[in-house]
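For reference, the structure discussed in these notes is given below.
The values are calculated or read from the model by the stated rules, or taken from the named source; none is laboratory data. Computed from a predicted structure; not experimentally measured. Cβ placement follows ideal geometry from the backbone for every residue including glycine, while neighbour counts extend to all protein chains displayed. When the accessible area is computed, the model is the full protein with side chains, heavy atoms only, and any ligands, DNA or RNA have been set aside. Shrake-Rupley method; radii C 1.70, N 1.55, O 1.52, S 1.80 Å.
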Amino acid sequence: FAAVLISTIAALVVTAFARREVPGVGGRGGVLRAAGAALAISFVAAAFGAVTVKEANTPWATATHKVIAVSLLATLAATAMRAGAFGAGRAVAAHAAGRGTMKAVRGATVAAALALTAVLLGSLTAKVAGAVSSCQGFPFCTTVYDGGAAHIQLAHRITAYLLALHLVGLPFAFAKRREAGPVVTASRVAFGLVVFQVVLGAAMVTGHYVVALRSLHQANGVALWVTSFVMAYLARMAVGRTVPAWADDDAAMVRRARAGSVAAAAA
């Protein structure tokens, strides 16, 4: 699967390079640079995968490999948004209409940071000896076994609860302030994912950590991180902090058209 992924990203880079003169593909804020970064990260992930195996899947190696992997997913999501996916065009249009706010950027960024921290702590909980079994019960540790690593799982749970509480309010706050449509949509998707994540966590703990539930919990957690990242990226687009290359080209064309109209009127 890793080989297929790297090959696919490499094909994307080659395609983008061949079309680098097309507006939105080459240059700053273009698809090519983001795709190139994704390819570089994919090679780093593959190389560190070898380190993880050599280190016999120790907690630090596994957690580091996990962070690299989720960073790759975020970079690919950014590449897609630079190509106009996930409502990027509407987010840029919202900036032109003055609908984006820095409050949305800050709220979405906090959500992304908490989601990434939860993913990291989740991988440590799964790998550190005693972290899973030392903390039993839900939503808090009703039973803590001495000599375990309950503090790691507690840190993971607290981060997850903070993320859930944060994401509960974002959709309502964003809708009330009439933030960009794609940002509101992303916040609603993130809210649904975090509710599902809490349900999965409860089922996993009370069901004595069935493997299928653990895998689903991990996958949903990664999906929540990517969604939070997309929300933050779109929020930055909506305030003009992150500008895709095609938006720059469109803005330049608008400026030239306006300048031409002024010159014609003066003549």
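Being in a loop (DSSP other than H, G, I, E, B) and either open to solvent by less than 70 Å² (accessible area, probe 1.4 Å) or small (Gly, Ala, Ser) (or both): is that true of THR242 here? Walk me through how you get there before you give the answer.
Working: in a loop (DSSP other than H, G, I, E, B): yes; either open to solvent by less than 70 Å² (accessible area, probe 1.4 Å) or small (Gly, Ala, Ser) (or both): yes.
So THR242 passes the test.
Checking each residue in the stretch 93-130 for being part of a helix (DSSP H, G or I), open to solvent by less than 50 Å² (accessible area, probe 1.4 Å) and in contact with a Pro (Cβ under 7 Å, 6 or more places away or on another chain) picks out only LEU124. Filtering the stretch 131-161 to residues that are among the charged types (D, E, K, R) and in a helix (DSSP H, G or I) leaves only ARG157. Entry remark, the stretch 211-232: residues being polar (S, T, N, Q) and touching a residue at least 40 places away in the same chain (Cβ under 8 Å) number 3 in total. Checked against (1) closer than 25 Å to ALA85 by Cα; (2) open to solvent by 30 Å² or more (accessible area, probe 1.4 Å), GLU179 passes all but condition (2).
The set of residues in the stretch 1-54 that are closer than 15 Å to ALA77 by Cα, open to solvent by 40 Å² or more (accessible area, probe 1.4 Å) and not hydrophobic (A, V, I, L, M, F, W, C) comprises THR8, ARG33. If the condition is being open to solvent by 10 Å² or more (accessible area, probe 1.4 Å), closer than 21 Å to MET81 by Cα and not aliphatic (A, V, I, L, M), then the stretch 182-200 contributes THR185, ARG188, PHE191. Go through ALA190, ALA175, ALA155 for me and flag whichever is more than 22 Å from ALA63 (Cα to Cα) and in contact with a Leu (Cβ under 8 Å, 6 or more places away or on another chain). The unique qualifying residue is ALA190. When ARG214, ARG178 are screened for being closer than 30 Å to ALA94 by Cβ and in contact with a helix residue (DSSP H, G or I) (Cβ under 9 Å, 6 or more places away or on another chain), only ARG178 passes. Residue count for the stretch 211-231, restricted to those that are more than 18 Å from HIS156 (Cβ to Cβ) and open to solvent by 10 Å² or more (accessible area, probe 1.4 Å): 6. Only residues that are free of Cβ contacts under 8 Å to residues at least 24 places away in the same chain, out of contact with any Asp or Glu (no Cβ under 7 Å at 6 or more places or on another chain), over 17 Å from THR8 (Cα atoms) and among the aliphatic types (A, V, I, L, M): list them for the stretch 25-81, please. The answer is ALA47, ALA50, VAL51, VAL53, ALA56.
Considering only the stretch 131-140, how many residues are without any contact (Cβ under 8 Å) to a residue 60 or more places away in the chain and open to solvent by 30 Å² or more (accessible area, probe 1.4 Å)? Explain how you work it out, then say what you get.
Start the filter on the stretch 131-140 by keeping residues that are without any contact (Cβ under 8 Å) to a residue 60 or more places away in the chain, which leaves 131, 133-135, 140.
When the remaining residues are screened for being open to solvent by 30 Å² or more (accessible area, probe 1.4 Å), the result is 133, 140.
Number satisfying all stated conditions: 2.
Report whether or not ALA149 is over 21 Å from TYR233 (Cβ atoms), surrounded by fewer than 22 Cβ atoms within 10 Å (Cβ to Cβ), without any contact (Cβ under 8 Å) to a residue 40 or more places away in the chain and touching a Leu at 6+ places or on another chain (Cβ under 9 Å). For ALA149, the condition - over 21 Å from TYR233 (Cβ atoms), surrounded by fewer than 22 Cβ atoms within 10 Å (Cβ to Cβ), without any contact (Cβ under 8 Å) to a residue 40 or more places away in the chain and touching a Leu at 6+ places or on another chain (Cβ under 9 Å) - is met.
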